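Everything on this sheet refers to the single structure shown next.
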Amino acid sequence: MSVMMVRKKVTRKWEKLPGKNTFCCDGRVMMARQKGIFYLTLILILGTCSLFFAFECRYLAVHLSPAIPFFAAVLFLFSMATLLRTSFSDPGVIPRALADEAAFIEMEIEAANGNVPQGQRPPPRIKNVQINNQIVKLKYCYTCKIFRPPRASHCSICDNCVERFDHHCPWVGNCVGKRNYRYFYLFILSLSLLTIYIFAFNIVYVALNTLQVGFLNTIKESPGTVLEVFICFFTLWSVVGLTGFHTFLVSLNQTTNEDIKGSWTGKNRVQNPYSHGNLAKNCCEVLCGPVQPSMLDRRGILQEQAGHSGQSEQENCTTQQDPVAAAPLMSTESTENSQLPQEKPQPNALEMSIQIPKDASETKNVEK
């Protein structure tokens with residue numbers, strides 16, 4: 001008997017996901033396709049810290065304290081860890097509707113709006129929900145075919161709807177949303193501290209070494225100091241300013257997207273329904289709340305069976321035409337039919353109406 005050989009082609013679900021994302025390490029790493037500025041961020045951080053550890057740290061550890069390079073290393077490792085966590089994680093992408101779900105939603109919308117005459121613009125596809133006694137509008141995404149949850153928005157760069165969308169950050173090479181916002185905030189906070197730390201001790205190094213060998217000799221001995229001071233000076237204003245802005249947003253439990261659109265500070269002066277009215281509660285919810293699991297089953301398996309068609313068709317024909325397989329079924333049916341008691345057929349209504357009576361009394365009644 002021939003054995004059918006079946007090959008199973010294992011395909012991960014991340015290979016079929018729509019959108020403009022890049023996946024690495026078999027779907028474990030998720031980033032945007034535009035990663036050039038992210039590489040620049042890595043080069044600036046690694047290059048500046050390498051120069052600091054190579055030139056200034058040795059001198060400062062001997063003349064001031066060995067704790068200086070230790071704290072610099074802690075800040076550097078923490079900044080890199082939070083940067084990679086922000087860049088390589090799912091920001092909270094919402095899966096797109098399936099074909100059946102999209103058709104059902106479209107049917108509901110058409111039933112609610114009715115037929116729109118030609119030349120007239122159809123009404124906006126919006127649903128209203130109530131959150132903390134505040135009406136919030138859910139907008140329909142024509143790309144993902146879903147009504148976006150509250151605070152979600154569609155990123156045009158990644159082509160995905162992201163839950164609690166804050167903004168798309170090219171410096172980290174990913175969207176910033178519900179699942180990675182805290183790591184983004186910790187990254188810019190630690191990077192601000194690291195930049196201030198390196199800039200301050202560069203000035204201390206130049207001042208101490210100038211007293212001993214002079215300013216020109218100090219520059220000759222450590223040429224990387226000038227480059228570090230230059231990078232830190234221009235990075236300091238942008239990174240510290242960004243950290244202050246996001247600290248303000250965290251205290252209000254607000255996103256960058258909502259702040260730019262003026263969702264809660266516009267003409268209507270609508271109150272933010274997500275704010276607890278308390279700075280500590282807002283910070284705890286944004287930075288210390290549980291991280292929701294990803295809604296994308298990126299490493300799920302899609303199995304596609306690809307076998308030899310000739311062997312499979314021959315095997316199917318053999319199975320269908322095998323008399324041995326069909327014999328027990330036929331014998332069983334005949335046996336069951338023979339064992340069943342035969343029921344007496346009942347007369348129908350017409351036969352009952354024309355029955356001939358047997359008794360004489362019944363005969364007289366019929367004659368009458």
Item checked: Efficiency of FRET between CYS288 and ASN217 - r from beta-carbon atoms, R0 51 angstrom, step 0.05 -> 0.50
Next item on the list: Place the peptides 223-229, 62-68, 165-171 in order of packing, highest mean first, counting for every residue the other Cβ atoms within 10 Å and averaging per peptide.
Entry: 165-171, 223-229, 62-68
Check: Measuring with a 1.4 Å probe in the full set of protein chains, what accessible area per residue, in whole Å², belongs to segment 152-290?
Finding: 49 Å²
Checklist line | segment 56-110 shape via C-alpha gyration tensor axes, a/c threshold 1.5 | finding: prolate
Note to self: Taking the Cα of PHE230, stepping 7 Å toward and past its beta carbon, and measuring to each backbone N in segment 195-223: which are under 13 Å?
What the structure shows: 223
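Assuming 0.36 nm per residue, please report the length gained on full extension of the stretch LEU84 to ALA280 beyond their Cα-Cα distance.
So the chain would gain 67.8 nm between LEU84 and ALA280.
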Check: What pairs from LYS145/LYS281; LYS20/LYS281; LYS127/LYS261; LYS16/LYS261; LYS20/LYS261 go past 27 Å between their alpha carbons?
Finding: LYS145/LYS281; LYS20/LYS281; LYS16/LYS261
Next item on the list: Arrange the peptides 28-36, 85-93, 51-59 so that the one whose residues have, on average, the most other Cβ atoms within 10 Å appears first.
Entry: 85-93, 51-59, 28-36
Next item on the list: Calculate the all-directions average of the projected area of segment 212-292's alpha-carbon convex hull, and give it in nm².
Entry: 9.6 nm²
Note to self: Below 10 angstrom from the Cβ of PRO69, what's the summed charge of the other residues (Lys, Arg +1; Asp, Glu -1)?
What the structure shows: 0
Check: In nm², what is the average projected area of the convex hull enclosing the Cα atoms of segment 150-211?
Finding: 5.0 nm²
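By per-residue mean of other Cβ atoms within 10 Å, what is the highest-first order of 237-249, 72-84, 206-218, 151-163?
By packing density, highest mean first, the sequence is 151-163, 72-84, 237-249, 206-218.
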Check: With the contact rule set at Cα under 8 Å and sequence spacing of 6 or more, what percent relative contact order holds for segment 141-187?
Finding: 24 percent
Next item on the list: Return one quarter of the surface area of the convex hull spanned by the alpha-carbon atoms of segment 176-235, equal to its mean projected area, in nm².
Entry: 4.5 nm²
Next item on the list: Could you run the Karplus curve 6.51 cos²θ - 1.76 cosθ + 1.60 with θ = phi - 60° over segment 81-97 and give me ³J(HN,Hα) per residue in whole Hz, x for Gly and Pro?
Entry: 5, 5, 5, 5, 5, 5, 7, 9, 10, 6, x, x, 5, 8, x, 6, 6
Check: Once you charge only the Cβ atoms, +1 for Lys and Arg and -1 for Asp and Glu, what is the size of the charge dipole of segment 54-210 about its Cα centre, to the nearest 20 debye?
Finding: 280 debye
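The values are calculated or read from the model by the stated rules, or taken from the named source; none is laboratory data. Everything numeric in this text was worked out from a predicted model, so none of it was measured. Here Cβ is always computed from backbone atoms with ideal geometry, including for glycine, and neighbour counts include all displayed protein chains. To get the accessible areas, we keep the full protein, side chains included, count just its heavy atoms, and leave off ligands, DNA and RNA. Shrake-Rupley method; radii C 1.70, N 1.55, O 1.52, S 1.80 Å.
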